[in-house]
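Have a look at the structure below before the remarks.
The values are calculated or read from the model by the stated rules, or taken from the named source; none is laboratory data. Only a predicted model underlies this, so the values are computations on that prediction, with no experimental measurement involved. In this analysis, Cβ positions are derived from the backbone assuming ideal geometry, glycine residues included, and neighbour counts consider all displayed protein chains. Quick note on the areas: whole protein, heavy atoms, side chains included, nothing else; ligands and nucleic acids left out. Shrake-Rupley method; radii C 1.70, N 1.55, O 1.52, S 1.80 Å.
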Amino acid sequence: MVLSGMSSIEQLEENIAFMKDFQPLNEEEFALLDKAVEIIRSVETIPCTSCKYCTEVCPKDIAIPRIFGVLNEIKIYDKEHTWIPPFGERAASNCIKCGKCEKACPQHIEIRKYLEEAVKTLE
Ligand code: SF4
Ligand code: SF4
């Protein structure tokens, strides 16, 4: 699937020109992608879409989606190969467990539970 934002006729023409010699993936490449999907799906990650509805209501401005992104990276790769940014005041340990974020989350993620995991893993 190709997604491209276009706001002028020049951009549209440029995109069409670029796609003139488009080569679809071959069978070997499709097989490789299938394998990658299989591996990624075998790891249970946090289904956060980074919509940030939770951070809009969080009284402590905890960096919830960013924290979950790092946790997911560690789940998929490992801690050694994951950069853990300094979350400072927005770290999981500053969560007061009010639960406002969970009411706002369209994915119904147990945010407080995963933030506890983040404290143990990241801090
Ligand atoms: S439970 Fe924690 S992360 Fe969720 S809104 Fe309250 S303070 Fe923020
Ligand atoms: S509201 Fe839920 S899905 Fe959206 S960023 Fe927060 S945790 Fe992720």
Next on the checklist: Pairs needed: first member in the stretch 46-66, in contact (Cβ under 8 Å) with a residue 24 or more places away in the chain; second member anywhere, of a type in the set (S, T, N, Q) and away from ligand 1 (no atom under 12 Å from the Cβ); C-beta distance under 6 Å; at least 6 residues apart or different chains.
Outcome noted: Ile46/Asn72; Pro47/Gln107
Checklist entry - Among helices (runs of 4 or more DSSP H) lying entirely in the stretch 1-117, which contain 3 or more residues that are open to solvent by 90 Å² or more (accessible area, probe 1.4 Å)? => result 9-18, 27-41
Checklist entry - Mind checking which pairs have a first residue in the stretch 13-35 that is on the phi < 0 side of the Ramachandran plot and a second that is of a type in the set (Ser, Thr, Tyr), Cβ under 6 Å, 6 or more apart or different chains? => result Asn15/Ser4
